[in-house]
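Structure, as structure tokens:
The values are calculated or read from the model by the stated rules, or taken from the named source; none is laboratory data. Given the structure is predicted, the values throughout are model-derived calculations rather than measurements. Because the Cβ atoms are built from the backbone with ideal geometry, glycine has one as well, and the counts that use them run over all protein chains shown.
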């Protein structure tokens, strides 16, 4: 379960990207009165039950599931939802609003521009009668231009336990105290369901995103980024097995290592991945004979010979059910790179993220930073910000714990990486972080 060392996936209160008087925790229970005391330049928060003047931006939050909204008494809107908005061209300084009893919130005098907007609502224990005593979460997120007296509607989707989910991604720590060493990367998958799942033949890959797309405009990329028919990929690995060789029990986590060796021998802050469950096959990396290899099946082979990087260049990573790779549609991008489309019906989970350092602005990442979607909203609604607090090699992105059912942990899956992921200490193969 999350420990006190777990953080939200945004810079902490000590960085210049957060209000100095407010801890930068996404969607923590912070009263509007606290933010009123922050004296944020140019921002005035309005009493949530009072509409503002001509320069007021109005938010309305509703549930996607109208039947559940009616059962919860939220026909007019979602009360007590937290909205956070961040103007993209500014240092990270999110504004936080709470919706009133009719699901509305208001903010005045904010600068116009493109914003990242996310809304979140978690049921309290006393509210779970209509859900059979089950804690549920609801969320939405997107980028949108705001100006003048805009009216913005947010429609919250409910959590879905799904099957296998991406429960952790670790970028290898970047530049360590010894040398520029990038091979300690790993990902963790978790069986979020109540039945056994078999990994045999499944695909683990990176989607069209940051790497290879930075010189194209959003319009030139849109057919690859936002394709509703699937995720486009040039590099993906396949799990071994013929059908039932690699079971994952309910509540079990498995680790995929870039290199399944003890990286702590290089630097003490790096993880020991010698006991990983799988490793990505490469042409020039060490091979651990005790760890099954995952062959690269995509049209691109990474030139460093260690397999597919998992972060930060892999802004989009996905898990998919077994497919006949030979049958996949392939297409050349404007950069003459071949990508293959993994069909939507085979996609199990997608995580999108973007490396955002607490002390840098987004300008160096033009033009891709401003693209509205990394992938189609069917897969993920808003990317998570990823950073390394104090350049700590031990930090990774984890999926939030939502509830416990019959002693089994259920992780949050809203298809909104911005809300689903938090920063904590790496813990390959375990949810104890």
Options 145, 141: the member that is part of a strand (DSSP E or B) and out of contact with any helix residue (DSSP H, G or I) (no Cβ under 9 Å at 6 or more places or on another chain)
145
Please work out if residue 312 is surrounded by fewer than 22 Cβ atoms within 10 Å (Cβ to Cβ), at pLDDT below 95, in contact with a strand residue (DSSP E or B) (Cβ under 6 Å, 6 or more places away or on another chain) and in the same structural domain as residue 397 (by TED's automatic domain parsing).
yes
Residue hits (the range 265-309; at positive phi, without any contact (Cβ under 8 Å) to a residue 40 or more places away in the chain and crowded, with 20+ Cβ neighbours inside 10 Å) are none
Checking the structure you have, find out if any residue of the range 32-49 is out of contact with any strand residue (DSSP E or B) (no Cβ under 6 Å at 6 or more places or on another chain), modelled with pLDDT of 75 or more and within 25 Å of residue 354 (Cβ to Cβ).
no
The range 416-427 - residue that is surrounded by 23 or more Cβ atoms within 10 Å (Cβ to Cβ) and part of a loop (DSSP other than H, G, I, E, B) and, of those, modelled with the highest pLDDT:
416
Looking only at the range 231-238, decide whether some residue is crowded, with 17+ Cβ neighbours inside 10 Å, touching a residue at least 40 places away in the same chain (Cβ under 8 Å) and in a loop (DSSP other than H, G, I, E, B).
no
Please indicate, with yes or no, whether at least one residue in the range 382-398 is more than 22 Å from residue 185 (Cβ to Cβ), in contact with a strand residue (DSSP E or B) (Cβ under 9 Å, 6 or more places away or on another chain) and either buried (at least 24 other Cβ atoms within 10 Å of the Cβ) or in contact (Cβ under 8 Å) with a residue 40 or more places away in the chain (or both).
yes
Looking at 135, 165, can you tell me which residue is closer than 29 Å to residue 198 by Cα, touching a helix residue (DSSP H, G or I) at 6+ places or on another chain (Cβ under 8 Å) and buried (at least 17 other Cβ atoms within 10 Å of the Cβ)?
135
Within the range 80-99, track down each residue that is surrounded by fewer than 21 Cβ atoms within 10 Å (Cβ to Cβ) and assigned to a loop (DSSP other than H, G, I, E, B).
80, 88, 89, 90, 91, 93
